[in-house]
Every structure is written in C-alpha cells, then in structure tokens.
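Visitor: What follows is a single structure, and I will ask about it in a moment.
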Amino acid sequence: VGHNRLREQGIMALTDGITANPSSNIRHLGVRSNFIRDDGFTYLFDQAIIGNKSKISHVYMIQNFTTEHYIISL
C-alpha cells in the first residue's frame, strides 16, 4: 500500500481491518511514502504486531514522517 498518502487515519483503518480478520495471512506490510507520523506507527505496532493480533513479521516504513528518536526506539 505504499505511495497512497494514508496518513494516521489511513494506517489506523488498515490496522483495524487486518486485526479484525483473524484469518488474514498478511506477513509483510509495505507502507512506504504514506506521510505516516509516529502516532500512526505506534497504533500499528501496538495493535497488530505487539498485541499478536496479526501474522505481520515485516513492516517496510521508509520515507514517512517518523522522527529519528522514534525510529531508534523501535
């Protein structure tokens, strides 16, 4: 879903859709160049990845609006 200008609301909606479908087999998620800030990625990681509500093991998140501090903390 790269290059789609998802922003925070879009990544949250995408995350909700993935976590609402327990049979989803998405393992890699590419969200490159979507203007997503730290809060959007925090929601994705907390809900889908850390909460183990999905099978996602890789997130390609380059060229978004994340801060250096956030990237280091990941």
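The values are calculated or read from the model by the stated rules, or taken from the named source; none is laboratory data. In this text the structure is predicted, and so the values were computed from the model without any measurement. Reconstructed Cβ throughout: ideal geometry from the backbone, glycine too, with neighbour counts over all protein chains shown. Just so you know, the surface numbers come from the protein's heavy atoms only, side chains and all, with ligands and any DNA or RNA stripped out. Shrake-Rupley method; radii C 1.70, N 1.55, O 1.52, S 1.80 Å.
Visitor: Is it the case that some residue within the stretch 6-15 is of a type in the set (Lys, Arg) and assigned to a helix (DSSP H, G or I)? Explain how you work it out, then say what you get.
Guide: The initial filter retains those residues of the stretch 6-15 that are of a type in the set (Lys, Arg), namely 7.
With the extra rule that they be assigned to a helix (DSSP H, G or I), the set shrinks to 7.
Yes, some residue in the stretch 6-15 is of a type in the set (Lys, Arg) and assigned to a helix (DSSP H, G or I).
Visitor: Further question: Could you go through the stretch 45-66 and let me know if any residue there is surrounded by 15 or more Cβ atoms within 10 Å (Cβ to Cβ), of a type in the set (S, T, N, Q) and touching a Phe, Trp or Tyr at 6+ places or on another chain (Cβ under 8 Å).
Guide: Checked the stretch 45-66: at least one residue is surrounded by 15 or more Cβ atoms within 10 Å (Cβ to Cβ), of a type in the set (S, T, N, Q) and touching a Phe, Trp or Tyr at 6+ places or on another chain (Cβ under 8 Å).
Visitor: Now for a separate question. Please indicate, with yes or no, whether at least one residue in the stretch 8-17 is modelled with pLDDT of 95 or more, open to solvent by less than 80 Å² (accessible area, probe 1.4 Å) and β-branched (Val, Ile, Thr).
Guide: There is at least one residue in the stretch 8-17 that is modelled with pLDDT of 95 or more, open to solvent by less than 80 Å² (accessible area, probe 1.4 Å) and β-branched (Val, Ile, Thr).
Visitor: Among the residues of the stretch 44-51, is there at least one that is under 18 Å from Gly2 (Cβ atoms) and of a type in the set (S, T, N, Q)?
Guide: no
Visitor: Another question, if that's okay. In the stretch 20-41, which residues are among the polar types (S, T, N, Q) and surrounded by fewer than 17 Cβ atoms within 10 Å (Cβ to Cβ)?
Guide: As a first pass, look at the stretch 20-41 and keep what is among the polar types (S, T, N, Q): 21, 23-25, 33-34.
Asn21, Ser23, Ser24, Asn25, Ser33 - these are the residues of the stretch 20-41 that are among the polar types (S, T, N, Q) and surrounded by fewer than 17 Cβ atoms within 10 Å (Cβ to Cβ).
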